[in-house]
Structure formats: structure tokens, C-alpha cells
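*Asks:* Shown below is the structure under consideration.
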Amino acid sequence: MKAIVIFGSTTGNTEEVANYVTNGLKDAGHEVTLKNVLDANPEDLMGYDLIALGSSTWNDGELQDDFIPFYENMTGIDLKGKKAIIFGCGESIYDHFCTAVDTLEKKLQELGAEIVAKSYKIDGDIADDLPKVKEWASVVK
Ligand SMILES: Cc1cc2nc3c(=O)[nH]c(=O)nc-3n(C[C@H](O)[C@H](O)[C@H](O)COP(=O)(O)O)c2cc1C
């Protein structure tokens with residue numbers, strides 16, 4: 001499938017995770033484009049069969065800053081027939097752990113996409129999760 005991975009990352013954690021997601025999807029045989037959300041717009045999603053969105057969580061459960069305009073502009077696009085997966089970094093010391101992941105999952109579902117894997121939330125240090133997140137992406141059909 002043609003797949004796109006779009007990430008928003010302030011300190012680089014979700015960006016690094018997005019690289020592993022990309023490699024996992026490539027292992028699964030997909031043709032993958034990786035973009036920082038700053039270089040993407042929601043219309044880009046129309047050209048892909050599989051959509052992977054990744055955002056860290058900031059400021060009491062909010063999307064990563066760069067992701068906010070992209071998220072707002074998603075309203076009104078039709079993602080029926082598309083598959084999607086979601087991932088993101090956070091820290092469970094905060095009240096709203098990784099809620100940006102939930103926000104993106106809900107939006108993708110509202111727009112008609114089918115969520116094809118349990119969303120991947122990373123708590124704190126990402127090192128141990130990097131091989132696991134690659135494995136997670138590598139089984140997405
Ligand atoms: C000021 C501040 C607020 C944060 N708020 C949250 C939060 O509400 N929920 C959460 O799960 N993580 C929160 N975090 C943790 C970050 O999401 C975490 O450090 C993450 O790895 C950053 O990923 P990034 O480098 O991809 O942006 C916060 C961190 C800081 C410094």
C-alpha cells in the first residue's frame with residue numbers, strides 16, 4: 001500500500017519514533033513517505049491508502065503545537081476506505097497521558113478511516129520502545 005507517516009515533535013522524540021514506524025511499514029512491504037507535520041497538509045492524505053499520524057502531548061493533554069493547524073484543517077476531508085494507525089510520546093506523570101494520540105484517533109475515525117492497530121503510546125524514555133514500535137508497524141497489512 002501507499003503509506004504516509006506524519007509526525008509533530010517538539011524535542012525530537014516522536015520524530016525518532018516516526019523513523020522507526022516508517023521502517024516498520026517498509027518491512028511490511030508498504031511504499032512510505034515520511035513528513036514533518038510542518039511540511040504537510042490534510043489534502044496530502046488523499047493520495048495514500050494507509051495513514052500513520054504521530055504527535056506528542058503537551059500543555060494538559062494538547063496536541064503538539066505544530067499539529068494543531070493540521071488537525072483543525074482535517075475537518076471536512078473524507079477518509080473513508082483508508083486505513084490508519086496512531087502513535088505518540090508522553091509521560092504518565094502528567095494527568096493527560098498521551099491524550100494527543102486519542103484526539104487523533106477520534107478525528108481519523110470521525111473522518112471515516114479504519115484504525116487497524118491499537119494506538120502506540122510511549123511513556124518517557126523512548127529507547128526501549130523503538131524496536132517495539134518498529135515491530136508494531138511491521139505487522140500492519
Ligand atoms: C511542559 C510540558 C508539558 C507536557 N505535557 C504533557 C501531557 O499533558 N501529557 C503527556 O502525556 N506528556 C506531556 N509532556 C511530556 C512530553 O510529551 C514528552 O516529553 C514527549 O516525549 C515529547 O515528545 P516530542 O519530543 O516528540 O515532542 C509534557 C512535557 C512538558 C515539558
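*Asks:* If only one of Ile115, Ile68 is under 12 Å from the mean Cα position of the chain (by Cα), more than 8 Å from the ligand (Cβ to nearest atom), of a type outside the set (Lys, Arg) and surrounded by fewer than 17 Cβ atoms within 10 Å (Cβ to Cβ), which one is it?
*Replies:* Answer to the selection: Ile115.
*Asks:* What's the total number of residues in the range 32-51 that are under 20 Å from Ala113 (Cα atoms) and in contact with a helix residue (DSSP H, G or I) (Cβ under 9 Å, 6 or more places away or on another chain)?
*Replies:* 12
*Asks:* Taking interchain pairs and intrachain pairs at least six residues apart, which have beta carbon atoms under 8 angstrom, with the first residue in the range 38-66 and without any contact (Cβ under 8 Å) to a residue 40 or more places away in the chain and part of a helix (DSSP H, G or I) and the second buried (at least 17 other Cβ atoms within 10 Å of the Cβ) and of a type in the set (Phe, Trp, Tyr)?
*Replies:* Here the result reads Pro42/Phe70, each pair linking the range 38-66 to a residue that is buried (at least 17 other Cβ atoms within 10 Å of the Cβ) and of a type in the set (Phe, Trp, Tyr).
*Asks:* Pick out the one residue from Gly76, Gly29, Gly24, Gly81 that is assigned to a loop (DSSP other than H, G, I, E, B), within 22 Å of Pro131 (Cα to Cα) and more than 10 Å from the ligand (Cβ to nearest atom).
*Replies:* Testing whether each residue is assigned to a loop (DSSP other than H, G, I, E, B), within 22 Å of Pro131 (Cα to Cα) and more than 10 Å from the ligand (Cβ to nearest atom) leaves just Gly29.
*Asks:* While we're looking at this one, here's another question. When you go through Thr14, Thr22 one by one, which is the residue that is crowded, with 24+ Cβ neighbours inside 10 Å and under 21 Å from Ala137 (Cα atoms)?
*Replies:* From the options Thr14, Thr22, the qualifying one is Thr14.
Coordinate-derived values only; no laboratory data. Please read these numbers as outputs of a predicted model, since none were measured by experiment. Heads up, the Cβs are rebuilt from the backbone with ideal geometry, glycines too, and the neighbour counts pull from every protein chain shown.
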